[in-house]
Amino acid sequence: MCLSKGGESYVRDACSVTRYQDLCLHSLASFSRTAKDNPSKWARAGVSVTISQAKGVTQSLLKLRKQNFLKGKGRVAILDCVDCLQDALDNLHNSLGVLRKLSSQTFNDQMGDVTTWLSAALTDEDTCLDGLEDKKRKQVKLLLNKVTNVSYMTSNALALVNKLATTGPQCLENSK
């Protein structure tokens, strides 16, 4: 069903399906007026804010790499993490591209592609987290928190996409 209670509850309704609801409410509140009760718009918003956050974390990692603050295994872990996050960004961009061009004729296939890409992005982010050792160092802890936040946002975006997938293509007429 494409209907919602309306008013201020739009973002609350959208985020009700997510695991990290406070993060969802905070990151998507500004979309309430434009997305309203449209699952397609909420899914796009979820992926868009995740892309922005992932880009920022990737930039932080690239700065650390240039500063040479880690040596040996720690440096390799940062490089691997950059690769993982760049792969995650590719998957997020692929997802957003499809969400912008949804079609009722190919909706189920498109939803399958998007959920696959978002799941792959989550895996990439988890792989990055697994590789970061030396968790006692302040900069590594900060990085862990940033990457964890991106993975939470990706999880929320996936939940919003799953909500759209279960709603079906009937809401697409109002999503442009």
Completion exercise
For Kirkwood radius over Cα pairs in Å the list reads (1) 18.8; (2) 16.7; (3) 15.9; the calculated value is entry (2)
Exercise for the section: Evaluate the distance, in nm, between pseudo-label points positioned 7 Å from the Cα of residue 109 and of residue 9 along their respective Cα→Cβ axes. Expected result: 3.8 nm
Handout entry: Per-pair calculated FRET efficiency, R0 = 22 Å: residue 93 and residue 139 via Cβ, rounded to 0.05
Key = 0.20
Fill in the blank from the handout: Cα-Cα longer than 18 Å, checked against 63/141; 36/163; 55/146; 41/146; 55/138, kept in input order, equals 41/146; 55/138
Problem - Solvent-accessible area per residue for the chain (1.4 angstrom probe, square angstrom) - result: 53 Å²
Exercise for the section: Give me the percent of the accessible area of region 98-173 that comes from carbon and sulfur atoms, probe 1.4 Å, all protein chains in place. Expected result: 50 percent
Exercise for the section: Subtract the Cα-Cα distance of residue 33 and residue 167 from 0.36 nm times their separation in residues, and report this length gain in nm to one decimal. Expected result: 46.2 nm
Completion exercise
Placing each pseudo-label 7 Å from Cα in the direction of the beta carbon, residue 119 and residue 148 end up separated by a distance in nanometres of 2.5 nm
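The values are calculated or read from the model by the stated rules, or taken from the named source; none is laboratory data. Just so we're clear, the structure is a prediction, and the values are computed from it rather than from any experiment. Note that each Cβ is placed from the backbone with ideal geometry, even for glycine, and that neighbours are counted across all protein chains shown. Just so you know, the surface numbers come from the protein's heavy atoms only, side chains and all, with ligands and any DNA or RNA stripped out. Shrake-Rupley method; radii C 1.70, N 1.55, O 1.52, S 1.80 Å.
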